[in-house]
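The structure follows.
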Amino acid sequence: MVFGRSERRRKHDAPDPVTLKILVAGGFGVGKTTAVGAVSEIKPLRTEERLTEAGRPVDDLVGVEGKRTTTVAMDFGRITLREDLVLYLFGTPGQDRFWFLWDELARGALGAVVLADTRRLADSFAAIDYFERRGIAFMVAVNCFDGAERYPAETVREALDLDAEVPVMLCDARAKDSVRDVLIAVVEHAMHLTTRQREPALP
Amino acid sequence: MTTDGPARTGRPDTSWYDDDAGPVVRPYAMTRGRTSTEAEERLDLIALVIAEDRQEEPLDDQTLSPEHVDIVGLCRDAPLSVAELAAELDLPLGVVRVLIGDLLDAELVHVSRPVPPAELPDEKILREVIDGLRAL
């Protein structure tokens, strides 16, 4: 059993914990599940949704007409920050066409991390575009793969044509400290945006 | 030799069944064909399901399916999110949502209220998240 229950046993009168989520997006094989696993207190779990009608307009079923359902998987992890404060990390489904699932994942999300690989920067365009359009606080974390050439964060920002305020960091998706720093940066960015939103507009 | 099933190739019978064959029991059979619940809106992926009754003895309610009983059992020690329950029971999210909806109707569990999707959590909570992450 993967859940450390005995440690998490609550007092009966404790208030219900507050739960928050951060999304980890990016292209296929960029290290989303690795990053989630690096900081999660549980081995990343996988939940699945079975798609039927919803996938029909985009799924090319020619040749597999008998196949009525598709399964899409989401990997996620958990960080219990305090007994009453739990952060969930969700890796977005790799296939870009499951946009409607992204909508469910993004609803109420605190922020998002777009993991990028400098060898395949174009793979992160879709995720960046999605978060920009939805107005979700996001940052770009470049996963520094062994053997991949390093580029300064500013070069990556230019290559991705990001707004000046979007944080860009280099990270190692395998290292807990590195992923933790990325998460702190995205929450700080979200807080910055919230504060600004709440301030009255200048005359 | 007109057939070549697994028996003839000497492989074990299990090779007949792979993931593509689908589950032996169709998942929505557990929900008696229902694909949604009135509680859908409250059952966000990270909404926590909390058992009302934390006594250790198993539920003795003949109207409940084994999956219902499993959900209550899992939520007794500590609240679990909808996503964790789906992963733990290895059931699609849609199925788990319907089953949790039944348990809500039966008042066996309650669900934590997630932060309303339209608004970001307030600054105080964000600061607490940052402090918590720093302490990791």
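Just the residues that are at positive phi and charged (D, E, K, R), please, taken from segment A:145-193.
Passing the criteria: only A:Asp161.
Something else: From A:Ala148, A:Ala109, A:Ala141, which residue is buried (at least 20 other Cβ atoms within 10 Å of the Cβ) and assigned to a loop (DSSP other than H, G, I, E, B)?
Within the list A:Ala148, A:Ala109, A:Ala141, the selection yields A:Ala109.
Sticking with this structure for a sec: Go through segment A:172-203 and give me each residue that's closer than 16 Å to A:Met139 by Cβ and touching an Asp or Glu at 6+ places or on another chain (Cβ under 7 Å).
Listed by number, the residues that qualify are A:Ser178, A:Met191, A:Thr194.
From (1) more than 14 Å from chain B (Cβ to nearest Cβ); (2) surrounded by fewer than 20 Cβ atoms within 10 Å (Cβ to Cβ); (3) not in a loop (DSSP other than H, G, I, E, B), pick out the condition that doesn't hold for A:Asp103.
(1)
Another question, if that's okay. Filter segment A:20-47 down to the residues that are among the small types (Gly, Ala, Ser), surrounded by fewer than 24 Cβ atoms within 10 Å (Cβ to Cβ) and touching a strand residue (DSSP E or B) at 6+ places or on another chain (Cβ under 7 Å), then identify the one that is nearest to B:Leu43 (Cα to Cα).
A:Ser40
Take A:Arg180 and tell me if it is over 19 Å from A:Gly29 (Cα atoms), assigned to a helix (DSSP H, G or I) and not β-branched (Val, Ile, Thr).
Answer is yes for this residue.
Okay, next question. When both residues are 6+ apart or on different chains and their Cβ atoms are under 8 Å apart, which pairs have a first residue that lies in segment A:29-50 and is touching a residue at least 40 places away in the same chain (Cβ under 8 Å), and a second that is of a type in the set (Lys, Arg) and in a helix (DSSP H, G or I)?
Cβ pairs passing all conditions: A:Val30/A:Arg120; A:Ala38/A:Lys176; A:Val39/A:Lys176; A:Val39/A:Arg180.
Shifting gears a bit: So, in segment B:62-71, of the ones that are of a type outside the set (Asp, Glu) and out of contact with any Pro (no Cβ under 9 Å at 6 or more places or on another chain), which residue ends up nearest to A:Thr19 (Cα to Cα)?
The qualifying residue nearest to A:Thr19 (Cα to Cα) is B:Ile71.
Another question about this same structure. Considering only segment A:71-90, state which residues are more than 13 Å from the chain's Cα centre (by Cα) and not β-branched (Val, Ile, Thr).
A:Ala73, A:Leu81, A:Arg82, A:Glu83, A:Asp84, A:Leu85 - these are the residues of segment A:71-90 that are more than 13 Å from the chain's Cα centre (by Cα) and not β-branched (Val, Ile, Thr).
Let's see how each residue does on (1) within 22 Å of A:Glu48 (Cβ to Cβ); (2) within 14 Å of chain A (Cβ to nearest Cβ):
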site	(1), (2)
B:Leu45	yes, yes
B:Asp61	no, no
B:Pro66	yes, no
B:Cys75	yes, yes
B:Leu80	yes, yes
B:Ala83	yes, yes
B:Leu89	yes, yes
B:Gly101	yes, no
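In segment A:55-67, is there at least one residue being within 14 Å of another protein chain (Cβ to nearest Cβ), surrounded by 22 or more Cβ atoms within 10 Å (Cβ to Cβ) and either modelled with pLDDT of 90 or more or in contact with a strand residue (DSSP E or B) (Cβ under 9 Å, 6 or more places away or on another chain) (or both)?
No: segment A:55-67 contains no residue that is within 14 Å of another protein chain (Cβ to nearest Cβ), surrounded by 22 or more Cβ atoms within 10 Å (Cβ to Cβ) and either modelled with pLDDT of 90 or more or in contact with a strand residue (DSSP E or B) (Cβ under 9 Å, 6 or more places away or on another chain) (or both).
Go through segment B:72-81 residue by residue and tally those that are within 17 Å of A:Asp84 (Cα to Cα), part of a helix (DSSP H, G or I) and of a type outside the set (D, E, K, R).
1
The values are calculated or read from the model by the stated rules, or taken from the named source; none is laboratory data. As the structure is a prediction and not an experimental result, all values here were calculated from the model. Note that each Cβ is placed from the backbone with ideal geometry, even for glycine, and that neighbours are counted across all protein chains shown.
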